[in-house]
Amino acid sequence: MDTMKNKAPAFQFYVKDWLSDTAVRKISLMSRAIWIDVLCFMWVAPEQGILEGTLEELCRMLSITKEEFNLFLLEAQATNLCDISVTDNGLITICNRRMHRNEKERKNNRIRQQRYRDKHKDNGKITVPSSSASAKKESIKKEKPPEKDKYLDSVTLTREQHDSLKKKYGDLLPAILQKLNNYKMASGRKYKSDYHAILSWVGNEVEKDMPSTKVASGINICRSCREPADRLTGGLCDKCLKLTTLYEPKGF
């Protein structure tokens, strides 16, 4: 039979669907028997999932009477069992939606695979890159991220980021950098952006934990080292004030 050429010898029969499908359960026993034969003929049809023919042709194919076939058509349409159309010249088309959809997917997959094979069958040939592609690669290479300076052992910031943090936190910046450095060194944690880590939590933690510059007894407390001091400049003792220069990258 020509229609069976290049067809798989069997198709998947979903038992649970057959037993639980309300459309199948609603039609008569005779119509269910006809539907099984229809599915089989659809499987070997030129367009899988589609069965076409006149009333006489389909009745002869299915070995049933016209009355039995008409009853099947009525019940199938009433339960939306399948898609049925009839042309003016009497051509009847029956479509199983799942089978037809699966066949389309298989055809599309075959086309994609063939295109892939055709594209890669000449791998030995050297493709000369176009001038536009070369220019695009050169432009990407030129767009380097800004260089970062290293503070203490593990904190890295661009100069713009450092200036922004210094403007925001002022004299607290050395303590913030020290806290982030200690956390990263102790935990092994790495951040994609130390700048955003400071903005998201480190700065807030230092501001929250930093005690007042004076205690109740009147003794000055450095905001960085938290040690008593005779005098404070910007909330820092003389020692911490000198250390702030260590946090400035070379060239500042």
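What follows is calculated from the coordinates using simple rules that are stated; it is not laboratory data. Owing to the predicted nature of the structure, the values given are computational and were not obtained by experimental measurement. Because the Cβ atoms are built from the backbone with ideal geometry, glycine has one as well, and the counts that use them run over all protein chains shown.
Of note:
- Summarising the overall dimensions of region 1-108 from its C-alpha atoms, the Rg and Dmax are 13.7, 39 angstrom.
- Annotation for region 180-209: trypsin sites (Lys or Arg not before Pro) lying in DSSP loop with at most 16 further Cβ atoms inside 10 Å of their Cβ are Arg189, Lys190, Lys192.
- The length gained by stretching the chain between Ala186 and Glu47 to full extension, at 0.36 nm per residue less their Cα-Cα distance, is 43.2 nm.
- Exceeding the 27 Å Cα-Cα cut-off - candidates Lys167/Lys242; Lys26/Lys66; Lys121/Lys144; Lys179/Lys242; Lys66/Lys107; Lys26/Lys107: Lys121/Lys144; Lys66/Lys107; Lys26/Lys107
- J(HN,Hα) series, region 40-46, from Karplus relation 6.51 cos²θ - 1.76 cosθ + 1.60, nearest Hz, glycine and proline x: 5, 5, 4, 5, 9, 6, x
- Value of relative contact order over region 35-127, rounded to a whole percent, pairs C-alpha under 8 Å and six or more apart: 29 percent
- A Förster radius of 35 Å combined with the Cβ-Cβ distance from Glu67 to Tyr14 puts the calculated FRET efficiency at roughly 0.70.
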